[in-house]
């Protein structure tokens, strides 16, 4: 990956506030049991790290689970899908949040996984981009995205949009190993290492960079583009629509980016392509032996699914939920 690291200050207060906003909007231990008020109360600790994509949803799940089991402690940190997998396989955490499919090499290392929700990666630009009107009407084809992010043969906004805007494109990509970059790369027929641009750490970092650069272009998970309360895009961000049928315009059936609920429905109905839409997972080093962890996962695939839509994610289909529940019951 050809990246140029930018100063850590790109993760400014704006990026931190974004995480906090999502946090509030989505308003290796063994189990022990004890008698309380005539019933067994679940106690124990669960540690989780990994993908920014799944972080807000996991926070909400933890909050709701603790209302039922107040003696369970759940520690959660975001750091990218790659960190989540590494931490899980090394035993540093019980579960890793993971936002792409596993490679055979990762499976061979003993990785166990279970899908818990769906989301998608979208191309983002600044909402003051001078070519915005043209972009929203015409969109961009996959081939144009390839020439921007992979081949670097399109270098200015005029070439990208066939408009009169000649300012250079400022491309941003993820500097951390992450599912968002991998899925965006797969959509373009490549992988994360093939994406060119200025390397920025984390989803909030890229969103912050785009907000502060009217000529910037990058990609984000939907949870960092749309406000969970208003269901509208965050100020400073816009989405580049994909011209799926390559006819040079965004037709009505391709125009589903105006609010969070529209893009979620497009992902659910498979109108928005996969990749960059994808399943989100928890991973661990083999099937978890911690029964508190297993109870948390069982709850997520049952009662916990009711919180998925409110938090800006797409629920798994009933068929897939049954499949993932079988994974929980299956012996290692």
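No value in this document is a laboratory result; all are computed from the given coordinates. Every value quoted in this text rests on a predicted model; they were computed, and no experiment measured them. Counting neighbours? That spans all protein chains shown, and the Cβs are built from the backbone with ideal geometry, glycine included.
What fraction of the DSSP beta bridges in the chain is antiparallel, stated in percent and rounded to the nearest 5? Please list the in-between numbers first.
Details: 28 of 47 bridges.
Approximately 60 percent, going by the DSSP bridge assignments.
Shape of segment 120-268 from its Cα gyration tensor (a ≥ b ≥ c, root eigenvalues): rounded if a/c is under 1.5, otherwise prolate when a/b > b/c, or oblate? List each step's numbers first, then the result.
Numbers: a/c = 1.24, a/b = 1.03, b/c = 1.20.
Taking the square roots of the gyration eigenvalues as a ≥ b ≥ c, segment 120-268 is rounded.
For segment 120-268, give me the percentage of DSSP beta bridges that are antiparallel, rounded to the nearest 5 percent. Please report the intermediate quantities before stating the final value.
Numbers: 10 of 16 bridges.
Percentage antiparallel, nearest 5: 60.
Could you tell me which of rounded, prolate or oblate describes segment 146-230, using a ≥ b ≥ c as the square roots of the eigenvalues of the alpha-carbon gyration tensor, with rounded for a/c under 1.5 and, failing that, prolate when a/b is larger than b/c and oblate otherwise?
Values: a/c = 1.86, a/b = 1.20, b/c = 1.55.
Cα axes put segment 146-230 in the oblate bin.
Please give the calculated 222 nm ellipticity per residue for the chain, where each DSSP H segment of at least 4 residues contributes -39500 (n - 2.57) and the sum is spread over every residue; nearest 500 deg cm²/dmol? It would help to have the intermediate numbers written out before the result.
Details: 12 runs with 111 residues, N = 332.
-9500 deg cm²/dmol, from helical runs alone.
What is the fewest-to-most order of 279, 191 by other Cβ atoms lying within 10 Å of their Cβ? Walk me through the numbers on the way to the answer.
On the way: 279 20, 191 15.
Ascending number of Cβ neighbours within 10 Å: 191, 279.
Which label belongs to the value computed from this structure, given these candidates for Cα extents along the principal axes in Å: (i) 73, 38, 35; (ii) 53, 45, 36; (iii) 69, 53, 41?
Matching entry in (i) 73, 38, 35; (ii) 53, 45, 36; (iii) 69, 53, 41: (i).
Quick one: check the C-alpha center-to-center distance for segment 62-103 versus segment 202-236, whole angstrom.
Taking the Cα centre of segment 202-236 as reference, the centre of segment 62-103 is 24 Å away.
Can you sort 175, 317 so the residue with the fewest Cβ neighbours within 10 Å comes first?
On the way: 175 22, 317 11.
Neighbour counts put them in this order, fewest first: 317, 175.
Determine, for each peptide in 246-253, 290-297, the mean count of other beta carbons within 10 angstrom over its residues, then list the peptides with the highest first.
On the way: 246-253: 11.9, 290-297: 20.9.
Result, highest mean Cβ count within 10 Å first: 290-297, 246-253.
Counting other beta carbons within 10 Å of each Cβ, put 311, 123 in order, fewest first.
Working: 311 20, 123 23.
By the 10 Å Cβ count, ascending: 311, 123.
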